[in-house]
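The values are calculated or read from the model by the stated rules, or taken from the named source; none is laboratory data. Being a predicted model, the structure only gives us computed values, none of them experimental. Every residue, glycine as well, gets a Cβ built from its backbone with ideal geometry; the counts of neighbours run over all protein chains shown. Surface areas here come from the heavy atoms of the whole protein model, side chains and all, with no ligands, DNA or RNA. Shrake-Rupley method; radii C 1.70, N 1.55, O 1.52, S 1.80 Å.
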Amino acid sequence: MRRFLPGATLLLGLLACNREKGSDADSEYGGTLVITAGADFGPLLPPTIRWIHENTLVDIVFERLAEPGVELNSVGDRGFTPELAQSWEWADDSLSIAFSLVPGAHFHDGHPLTARDVAFTYDIYTDPRVGSSEGELLSSIDSVTVRDSATVVFWFARRYPQQFFDATYHMRIMPEHLLDTVPRRELPTSWYANAPVGSGQFRFVRREAGALVELHADTTHVRGRPYLDRIIWTISPDHEAATTRLLAGDADFLEQVRPNRLAEIRANQRLGLRPYPSLDVGFLQFNLRDPRRPNAPHPVLGNRELRRALAMAIDRQAVISRVLDSLGVPAHGPFTRALATADTTIPQFEYDPARARQILDSLGWRLRRGAEFRERNGRPLRFTLVSPSSSTTRQQMAVIIQDMLKQVGVRMDLQVMDGGPMMQLLHGQTFDAVFAASHYDPSPSSIRQSWTTAAQAQGGNLGGYSNRAFDRLVDSATTTLDPEVSAAQYARAYRMIVADAPAIWLYEMVNFAGHNTRLEFAEFRADAWWAKIGEWKIRPGGRLPRDGAAEAAAAN
């Protein structure tokens, strides 16, 4: 069984010939795109990327073997388009896939990209000394071998629906010749993590800490040069400052506009709003274990019926309307509507504060006359919610939720923390609850990383949720070869975890990017608005001067 892009070699050659001259004042090629970001970039080693804005840059500098389509179908290979692989061939028993690389593919330093680089990359991602969060997602791949310089083979111990997705989506191909002598433990802090060399349509040029990152078009790229000449990220201290840069005309693009700035952007004639589908969900995650005694259940939140009562005490739609306006809808579980397995028929805990009070009473949490909060056997019904200082949206929602819970006699304290200390608290599992947000990848199997029993040992399941029946459903859904059966099992798993309420899934984002109207876009993908950034254009009359653009952007 073979998949390929008809006429791929000829097409790539024609594109290269047509674009090799670069850009001029009248050409459709050229211009500098300035993106405003509300946080600085950390190390840019692909296997250890943690934050979405860093993932954006890495995805543009590096490449995968193949890319999913806008439908985000992760089953089989029919939804994928070739990138570094020009074609692939399945073995008769479906236990291996041989990828043929695009002739002429090379890294930005000019070194050829070969099958050895692909096998080397797999080794890096799966090496525990590197500490990649993607390593577990590659665990179903048995090995990767080199057949010849242009052919790499992925081997699997079993057949399952997402073999192709696992072989292509989780890894960006890195250069063996630059990294083979770097000790694995030192890779995340090596020179390469601060000046990455990839094979994408844009190459890394420079970064100034706290100020900017600059990429240039690779005019020798095997698929032809991108339309833009340069991409510059300007770094702001926070999202509000980044939005101000867009409004002031000092940037062209902001990936997500927050509700409090929508009206300003709509009123600005130079700017537009671009809607795109979301894979982002915000939720309250509970620690089901006692922070002081990890082997014991949490004295308050370890009880499922109590967690259900908390869910009934929160009016999710009211929270969303007051904070997100039109930028959010109620979430249905650990997924978004953009996923192929989304099930919007799952029963939810509807807002019912009277019923919440009844449940709390039945559990022995009583509200004494004249008291504001409930107690049981001298213990107050109280817990602390941790919320990141970087998200004003979640902070505003937390205050509203705090008041709603107070109405049923529950005291929720709010602790706002910076990212570093907050992550230490969460990974140490010394918290009660956290206002979290997840950006899912296109595969529904990603819930294994956050909610299965096995994920506890890998540091992903921070709240300690464990339901063996849920684990079995997820395992079955990710291994069955029948798409309909798989979807049905995911639906059962979703219903089970929502009923167990290890979290209260509050909202699903409705994304709007803010942009200068001089930009012309390609189609946005839910998991990556930047996936087709090589096809973005700036009209000749709207381009910035080629010289000095980076300096001007940084100065502003």
When Arg357 is run through (1) in contact with a Pro (Cβ under 8 Å, 6 or more places away or on another chain); (2) of a type in the set (Lys, Arg); (3) buried (at least 19 other Cβ atoms within 10 Å of the Cβ), the failure sits at (1)
Over region 141-150, the set of residues touching a residue at least 24 places away in the same chain (Cβ under 8 Å) and open to solvent by less than 50 Å² (accessible area, probe 1.4 Å) is Ile141, Val144, Ala150
Over region 487-518, the set of residues under 18 Å from the mean Cα position of the chain (by Cα) and among the β-branched types (Val, Ile, Thr) is Val510
Q: Using the structure shown, decide if Phe204 is under 23 Å from Pro68 (Cβ atoms) and either surrounded by 13 or more Cβ atoms within 10 Å (Cβ to Cβ) or of a type in the set (S, T, N, Q) (or both).
A: no
Of the residues in region 445-486, those that are part of a helix (DSSP H, G or I) and either under 22 Å from the mean Cα position of the chain (by Cα) or acidic (Asp, Glu) (or both) number 17
- Query: Do we find a residue being within 30 Å of Ser132 (Cβ to Cβ), at pLDDT 65 or above, assigned to a loop (DSSP other than H, G, I, E, B) and among the charged types (D, E, K, R) anywhere in region 24-32?
  - Reply: no
Selection from region 182-218 of residues outside any helix (DSSP H, G or I) and acidic (Asp, Glu) yields Glu208, Glu214, Asp218
If you go through Ala457, Ala477, the only one that is farther than 22 Å from Glu305 by Cα, hydrophobic (A, V, I, L, M, F, W, C) and open to solvent by 50 Å² or more (accessible area, probe 1.4 Å) is Ala457
Checklist entry - Does Asn467 fit the bill of being out of contact with any strand residue (DSSP E or B) (no Cβ under 7 Å at 6 or more places or on another chain), under 28 Å from Gly282 (Cα atoms) and at pLDDT below 95? => result no
Next item on the list: Might you let me know whether region 54-74 holds any residue that is of a type outside the set (Phe, Trp, Tyr), surrounded by 15 or more Cβ atoms within 10 Å (Cβ to Cβ), free of Cβ contacts under 8 Å to residues at least 40 places away in the same chain and more than 26 Å from Gln449 (Cα to Cα)?
Entry: no
Inside region 425-443, the number of residues satisfying the requirement of being open to solvent by 10 Å² or more (accessible area, probe 1.4 Å) and either closer than 21 Å to Val510 by Cα or β-branched (Val, Ile, Thr) (or both) is 7
Here the residues within region 394-414 that are open to solvent by 10 Å² or more (accessible area, probe 1.4 Å) and in contact with a strand residue (DSSP E or B) (Cβ under 8 Å, 6 or more places away or on another chain) are Arg394, Gln395, Val399, Gln402, Lys406, Arg411, Asp413, Leu414
Considering region 272-325, residues that are among the charged types (D, E, K, R) and in a helix (DSSP H, G or I), and then whichever is farthest from the chain's Cα centre (by Cα), we arrive at Glu305
Q.
Tell me yes or no: at least one residue of region 519-529 is surrounded by 18 or more Cβ atoms within 10 Å (Cβ to Cβ), assigned to a loop (DSSP other than H, G, I, E, B) and over 20 Å from the mean Cα position of the chain (by Cα).
A. no
Residue pairs qualifying under the 8 Å Cβ cut-off, at least six apart or on distinct chains, with the first in region 101-124 being open to solvent by 50 Å² or more (accessible area, probe 1.4 Å) and the second being part of a strand (DSSP E or B) and among the aliphatic types (A, V, I, L, M), are Arg116/Val146; Asp123/Val144
The lone condition Asp92 fails out of (1) open to solvent by 30 Å² or more (accessible area, probe 1.4 Å); (2) in contact (Cβ under 8 Å) with a residue 24 or more places away in the chain is (2)
For region 268-295, pairs from a residue that is open to solvent by 60 Å² or more (accessible area, probe 1.4 Å) to a residue that is of a type in the set (A, V, I, L, M), with Cβ under 6 Å and 6 or more apart or across chains, are Arg274/Ala513; Pro277/Ala338; Pro277/Ala526
Looking across region 364-393 at residues that are more than 27 Å from Val319 (Cα to Cα) and in a loop (DSSP other than H, G, I, E, B), the single one that is least open to solvent (accessible area, probe 1.4 Å) is Gly364
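Listed here are the residues, each with its yes/no results for (1) open to solvent by less than 40 Å² (accessible area, probe 1.4 Å); (2) touching a Phe, Trp or Tyr at 6+ places or on another chain (Cβ under 8 Å).
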| residue | (1), (2) |
| --- | --- |
| Pro128 | no, no |
| Ser139 | no, no |
| Val152 | yes, yes |
| Thr168 | yes, yes |
| Ser190 | yes, no |
Item to complete: Would you check if there is a residue in region 340-351 being touching a strand residue (DSSP E or B) at 6+ places or on another chain (Cβ under 7 Å), polar (S, T, N, Q) and within 26 Å of Ala436 (Cα to Cα)?
Response: no
When restricted to Leu138, Leu178, the only residue closer than 27 Å to Leu44 by Cβ and over 27 Å from the mean Cα position of the chain (by Cα) is Leu178
**Study point:** Residue check, Arg539 surrounded by fewer than 16 Cβ atoms within 10 Å (Cβ to Cβ) and touching a strand residue (DSSP E or B) at 6+ places or on another chain (Cβ under 9 Å)
**Key:** yes
